[in-house]
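Structure, as structure tokens:
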Amino acid sequence: MEKRERKIIRVLIVDDSKLFRNYLKTALEKDARLEVVGMASDPYEARDRILELHPDVMTLDVNMPKMNGIDFLRRLMPQYPMPVIVVSSACSAVFDAMEAGALDFVEKPASPNPSAVESMLNELILKVKISSTSNLRTRRKHRKYDSKDVQNAVTVQETKKIIAIGASTGGTEAIYEVIRGFPANCPPTLIVQHMPPVFTKMYADRMNASCTVNVYEAKNGDWLSPGTVLIAPGEHHMKLVKRGNRYKVEIYRGDKVNGHRPSVDVMFESVARIAGNKAVGIILTGMGRDGAKGLLQMRESGARTIGQSQDTCVVYGMPKAAFDIGAVECQVALDSISSRVLQLIFENQEGK
């Protein structure tokens, strides 16, 4: 039987630097599956190239002349939704771009260090490939929360409960959708989102400013408390540990697990071991298998487990891997996960 050829992914590069555009083109086209079909120096030129070339994926800088990348995305996505990877220096504007419709981002190296540049290019190539398979129909407006959520929130007072969330591609907006539905007294929550250093602090600060709960980038030794959400810092694993009757987190570098640091599996496995049936585990959109094994351990230890439904995932990779091995107790649409978590916490308290 002949081997079926994989589809060539057609890429449009948008950046105001001609030197950087050419550099990205050369690097991307070293991969046999990628073809750079066009380049543009500003959003107006990019619009023309999109209509002319119909690319599969676009890489986009944030800071450009005539119109910034964020405003461009806000105008583009309602009319011409397409996978976009932001390529930008470390700044909080990348999260505005994600909110405007970008699927993921890659950080431009702060220095021309060959190792850092190679790492960035490898990451970009991988994310371009992943984004070409994404489900753009999942993009939807954030829902408003009704009185039922508030009523459920009053019941969430058991400090021994733990919520653990893992995500990757498409996860920044998915996590925000879940966390913004949590009440001020929700159980302490741990989050691993595959994200580089610096950005995890920006992401935590951004959510902290717009959510009812308190959101922080985790530090080694942080104690868990109701209404607090801790996000694993980039390039560090996060584990749950217990001291006496209290929970805290251990933050450390260690080896990469499933190709990631932080790893969802590392966090889930520690929650399974330490919290057992007092936990709820949630696996959201993302590529690969990170988190599947750990979520299974959580379920086997008595925890309740949720997987994001396929039709609401940007990339149904991690939730599918977890579902396929029996780690997922129920699959739930993204806009219903926060209320479902509160329901499970309430059920657990009623049955304790």
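The values are calculated or read from the model by the stated rules, or taken from the named source; none is laboratory data. The shown structure was predicted, so the numbers you read here are calculated from the model rather than taken from an experiment. All Cβ positions, even for glycine, are placed from backbone atoms using ideal geometry, and neighbour counts span all protein chains on display. Surface accessibility is based on the protein's heavy atoms, side chains included, excluding ligands, DNA and RNA. Shrake-Rupley method; radii C 1.70, N 1.55, O 1.52, S 1.80 Å.
Odds and ends about this structure:
- The C-alpha atoms of the chain define a longest principal axis, and helix 114-131 lies at about 80 degrees to it.
- Label-to-label distance, SER92 versus GLU123, with points set 7 angstrom from Cα along the beta-carbon direction: 2.0 nm.
- Heavy-atom accessible surface of the chain: percent carbon and sulfur, 1.4 Å: 48
- Accessible surface calculations at 1.4 Å, restricted to protein heavy atoms, place segment 1-62 at 60 Å² per residue.
- Surface analysis of segment 240-352 yields an accessible area of 41 Å² per residue, using protein heavy atoms and a 1.4 Å probe.
- Ranked by how many other beta carbons lie within 10 Å on average, peptides 81-88, 288-295, 119-126 from highest: 288-295, 81-88, 119-126
- Here segment 234-281 yields Rg over Rh of 0.99, to two decimals, using C-alpha coordinates and the Kirkwood radius.
- Pairs of Cα atoms farther than 24 Å apart, segment 218-352, %: 27
- Computed from Cα atoms alone, the Kirkwood hydrodynamic radius reported for the chain is 20.8 Å.
- Averaged over residues, the count of other Cβ atoms within 10 Å places the peptides 211-219, 174-182 in the sequence 174-182, 211-219, highest first.
- If R0 is 45 Å, the Cβ-Cβ spacing of LEU19 and VAL241 corresponds to a FRET efficiency of close to 0.40.
- The chain: relative contact order in percent, alpha carbon pairs under 8 Å with at least 6 residues between: 12
- Legend: residue pairs LYS30/LYS293; LYS7/LYS30; LYS30/LYS320; LYS108/LYS129, Cα-Cα distance threshold 26 Å; pairs beyond threshold, LYS30/LYS293; LYS30/LYS320.
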